[in-house]
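Visitor: Sharing a structure here in structure tokens format.
What follows is calculated from the coordinates using simple rules that are stated; it is not laboratory data. Not measured: the values here are computed from a predicted model. Quick reminder, even Gly has a Cβ in these numbers, built from the backbone with ideal geometry, and neighbours come from all protein chains shown.
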Ligand code: GDP
């Protein structure tokens, strides 16, 4: 739990959120049965991951659209978080869904922001409503909305001014704009690098203005994105979209599961635990392990095992996931899969007794000849398979050793 706490703090999740989270995970993890072949700490990481995903809303949260009249999206946030850029990205994103949009330039304190919005609007081919810097933002909002209604625009996106820090003037102005627009969505734009202050920031905006969700920007940076966790925890509102770059295409839905992997920084271990849970029923695995340890691993187990591996999907991924195992090339994978088919045919041609006692085959060329004939393979191939089983006994024993006592990547790297 100390490692998890540290990982979350390093990922910039705020301390009160971390405390509550660690407590929740402890409550869940105590008393859970272990799965063979999966180390307890790996299993714990899985619980942590699932909790993280749940905490961030579980599923993707879609934008809400108004059924009557234009959908209005009000963007709020501190200065420099990427709001103006986001207006155009969002318009571009909606365009791909077949929705027309119009941008309203409401950042009257930075003349450059209006110019920037006009240029970006041209770039993505959407109209931008401007009224200069002398008009109040709420008035601009009102005029812009009327214009959009006239033009039968689907979505209106309002850019607002940000300050370096939250202040009363900014909040009052936002409240006024919100009253005029009656927005469908009020989205708080949060820089993923915000860090620990994210929790306070989100709370303030939610209490003062009332947000419907958030957008996380600059996720292409170094940050692990811990701010994401704080958003949902303190406001109960989901993150809907994430920006991962300066280009207009760099906007996508927010996937809680991917973000959990990023926060923990150990996606591969998680998939390994998941696959192991799917494939290995506890009893099967225990029995198999006993056999391997006592060198009784026979052709039936061999078949069960190769089929389980096939169910696990691509061999590359599975082998890559086992801690301590190196990368495997696609050519090697194809070769391995071809071999599996070949082996299955020969094993099926064996008698039940032969499957259980591979020694019979090792001793008798006649038996090997018969199997070769029945399976349509060569005697040499059958001999190879038998030799392979004995090699496999040794290798499986070593592998079990790795999984029992080997090291896994720690949370902090
Ligand atoms: P505003 O003050 O909130 O309107 O912020 P701007 O839209 O002017 O963006 C501030 C800076 O952040 C600009 O240089 C943008 O190009 C940059 N920016 C915006 N979104 C992203 C993003 O997702 N990733 C990166 N790397 N940069 C971004």
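Visitor: In whole Å and largest first, what semi-axes does the C-alpha gyration tensor of the range 89-129 yield when each eigenvalue is scaled by 5 and square-rooted?
Guide: Each semi-axis is the square root of five times an eigenvalue, giving 20, 9, 7 Å.
Visitor: Taking Cα atoms of the range 94-165, Rg/Rh with Kirkwood Rh, to two decimals?
Guide: 0.97
Visitor: Given the Cα atoms of the range 123-199, and with Rh set as the inverse mean 1/r over their pairs in the Kirkwood sense, what is Rg to Rh to two decimals?
Guide: Ratio of gyration radius to Kirkwood radius for the range 123-199: 1.00.
Visitor: Averaging over all projection directions, find the projected area of the Cα convex hull of the range 48-150 and quote it in nm² with one decimal place.
Guide: Seen from a random direction, the Cα hull of the range 48-150 projects 8.4 nm² on average.
Visitor: Another question, then. In a solvent-free Debye calculation with one equal scatterer on each Cα, what is log10 I(q)/I(0) for the range 71-254 at q = 0.09, 0.11, 0.15, 0.16 Å⁻¹, listed in the order of the q values?
Guide: Rounded to two decimals, the profile gives -0.27, -0.41, -0.80, -0.92.
Visitor: Taking one equal scatterer on every alpha-carbon of the range 2-55, how large is log10 of I(q)/I(0) by Debye at q = 0.13, 0.17, 0.27 1/Å?
Guide: Treating every Cα as an identical point scatterer, log10 I(q)/I(0) equals -0.32, -0.53, -1.16.
Visitor: Let me ask something additional. Rank the residues 41, 12 as a footprinting-exposure proxy: fewest other Cβ atoms within 10 Å of their Cβ go first.
Guide: Exposure proxy ranking, most exposed first: 41, 12.
Visitor: Please compute the alpha carbon radius of gyration of the range 2-111, then divide it by the globular-protein estimate 2.2 N^0.38 Å. Two decimals is fine.
Guide: The value comes to 1.61.
Visitor: A follow-up question, please. Between residue 390 and residue 146, how many nm apart are label points set 7 Å from Cα along the C-beta direction?
Guide: So the label points at residue 390 and residue 146 sit 9.3 nm apart.
Visitor: Please rank 154, 3, fewest neighbouring Cβ atoms within 10 Å first, as an exposure proxy.
Guide: The most exposed by this proxy come first: 3, 154.
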